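For reference, the structure discussed in these notes is given below.
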Amino acid sequence: MDDDQMIPLDLSESEALVMLEWLDRLEEPENLDGLPPFESAALRLRWDLEAMLESAHPYVFASDYESRLETAIDEVRDETTPEDCVEDATQRRPTAGPPTPVN
């Protein structure tokens, strides 16, 4: 793939650490043989992304990894609740009828 076809992904150190931990916690299929094409491709991308994040992140093997992860989680997560996020998203969606006023 040419460089002009690549899509850059910029993450802060905190975002990268949380993403790496999330990828690591995802379950892998027990039997890798005979995976459907999409699952096989997605698993390959997951492994590649994990390897890139591990090699680029300075704290992956640090003795204080857990405390750094907790700090990263606090820095990355939203202060809003999931319900607030769903409500905000539904208010931004176009509707077929007249616009609904947002307070």
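Nothing in this text is a laboratory measurement; each read-out follows from the coordinates by a stated rule. If you're wondering where the values come from, they're calculated on a predicted model, not measured in any experiment. Glycine gets a Cβ as well: all are built from the backbone with ideal geometry, and neighbour counts include every protein chain shown.
Which of rounded, prolate or oblate describes the range 11-90 when judged by the alpha-carbon gyration tensor and an a/c cut-off of 1.5? The shape class here is oblate. Once the chain from A62 to E50 is taken as fully extended at 0.36 nm per residue, the excess over their C-alpha distance is 2.7 nm.
Is the shape of the range 7-48 rounded, prolate or oblate, going by the alpha carbon gyration tensor and its root eigenvalues a ≥ b ≥ c, with a/c under 1.5 for rounded and a/b larger than b/c for prolate? Here the range 7-48 falls in the oblate category.
Peptides 33-41, 59-67, ordered by how many other C-beta atoms sit within 10 Å of their residues on average, highest first, read 59-67, 33-41. Simple rule: put +1 on each Lys or Arg Cβ and -1 on each Asp or Glu Cβ in the range 11-90, find the dipole, and look at L69, V18, A42; the Cα lying farthest toward the positive end is A42. If the segment from D78 to E30 were pulled out straight at 0.36 nm per residue, it would be longer than the present Cα-Cα gap by 13.9 nm.
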